[in-house]
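Notes follow once the structure below has been shown.
The values are calculated or read from the model by the stated rules, or taken from the named source; none is laboratory data. All values derive from a computational prediction rather than experimental measurement. Cβ sites come from the backbone with ideal geometry, for glycine too, and all protein chains shown count toward neighbours. Side chains are part of the model used for accessible areas, which takes the heavy atoms of the whole protein and leaves out ligands, DNA and RNA. Shrake-Rupley method; radii C 1.70, N 1.55, O 1.52, S 1.80 Å.
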Amino acid sequence: MTTYAEGVAEVTDEDFDTEVLGAGLPVLVKFTAEWCPPCRQMKPVLGAIAVEEAERLRIVEVDVDRSPETALKYGILGTPTFMVFRGGEPVKSMVGARPKRRLLAELEDVLDGD
């Protein structure tokens, strides 16, 4: 069983539409895998952002091995891939681990609206 950072829920093929596409807030989806060291490295970063930005952003993880349909649907080729969804649509995509400050900077336009 995978352990997730505080404030970061796992979403699966079964509940992706409800939890991500139907969410009121923008959602940062981390496409991840248990065997991926950079994915594990991002756990504390995402946990911290999930707590700090809880009013403006929801963060979830999708395990590409357990939820292959969702990964295939969005063309995920590597992990970690971060995809931001707003209003049911993907609006931003980033591949690879990055420091918290850089990730927040890359998310700023999404968090501030348009």
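Structure values in brief
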| quantity | calculated |
| --- | --- |
| Length released on extending from Val95 to Arg66, taking residue separation times 0.36 nm less the Cα-Cα span | 8.5 nm |
| For Val29, solvent-accessible area (1.4 Å; no DNA, RNA or ligand), Å² | 0 Å² |
| Portion, in percent, of the accessible area of the chain that falls on carbon or sulfur, probe 1.4 Å | 54 percent |
| In segment 49-114, trypsin sites (Lys or Arg not before Pro) in a DSSP loop with at most 16 other beta-carbon atoms within 10 Å | Arg56, Arg66 |
| Extension gain (nm, one decimal) between Ala105 and Glu52, 0.36 nm per residue minus Cα-Cα | 17.7 nm |
| Descending semi-axes in whole angstrom, ellipsoid equivalent of the chain, from the Cα gyration tensor | 19, 17, 13 |
| Under 5 Å, built H, 5+ apart or other chain: amide partners of Val91 | Val84, Phe85, Arg86 |
| Calculated from backbone phi, Karplus (6.51, -1.76, 1.60) coupling profile of segment 98-109 in Hz, x at Gly/Pro | 7, x, 4, 4, 5, 4, 4, 5, 5, 8, 4, 5 |
| Qualifying chymotrypsin sites (Phe, Trp or Tyr not before Pro) in segment 1-94, DSSP loop, other Cβ atoms within 10 Å at most 12 | Trp35 |
| Where labels lie 7 Å past Cα in the beta-carbon direction, separation of Arg40 and Asp15 in nm | 2.5 nm |
| Average accessible area per residue (Å²) across the chain - probe 1.4 Å, nucleic acids and ligands excluded | 52 Å² |
| For segment 23-35, 3J(HN,Hα) per residue [Karplus equation, 6.51 cos²θ - 1.76 cosθ + 1.60, θ = phi - 60°, Hz, x = Gly/Pro] | 6, x, 8, x, 10, 8, 9, 9, 7, 9, 8, 4, 7 |
| Cα-based Rg / Dmax (Å) for segment 65-114 | 12.0, 33 |
